[in-house]
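Here's the structure, in structure tokens; my notes come after.
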Amino acid sequence: MRIILIFLLVLPAFLNAQINRSATEFAQEKIEEYIKNKLFKDQPYKPVSFGELKPSAGSNREIAWSIEHTFGITQIQVVSDKRTAVQKLYRFAFYLDKKMKIYKAESFSM
């Protein structure tokens, strides 16, 4: 009987953690797609780190979630007639609506 009671107490916490993990993964996929297709077209993208998905505390009702992301973009630079690949790091804050569509993005200097 005690095992069943403990199981019933732990189950909601486990289910909530699984839902949060799935939402975070979905947001990360949407952000990666947004970066590759809209911000940096045809440039190699390398994710460095994702922050945690946070509910928005602002007064804007269209923004439901926010997440920070650090990534690298490899750019070709020509120096003294030599082409070299240089990876530049970017840090963005992405704001998503309730349907996990990107509402806006802001960059931070690194």
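Throughout, read-outs are computed from the coordinates displayed, never taken from laboratory work. Keep in mind the model is a prediction, meaning the values are calculated, not measured. Cβ atoms come from the backbone with ideal geometry, glycine included; neighbour counts cover every protein chain shown.
Dipole size of the chain about its Cα centre, with +1 on Lys/Arg Cβ and -1 on Asp/Glu Cβ: approximately 60 debye, rounded to the nearest 20. The angle between the Cα long axis of helix 2-34 and the longest principal axis of the Cα atoms of the chain comes to about 20 degrees, rounded to the nearest 10. Take every Cα pair under 8 Å whose residues are at least 6 apart in sequence, average their separation, divide by the length of the chain, and the relative contact order is 20 percent. Potential lengthening of the chain between TYR45 and LYS99 amounts to 17.0 nm, from the contour at 0.36 nm per residue minus the alpha-carbon distance.
When the chain is fully extended, how far beyond the present Cα-Cα distance does ASN37 get from SER107, taking 0.36 nm per residue of separation?
Once the chain is fully extended between ASN37 and SER107, it gains 23.5 nm.
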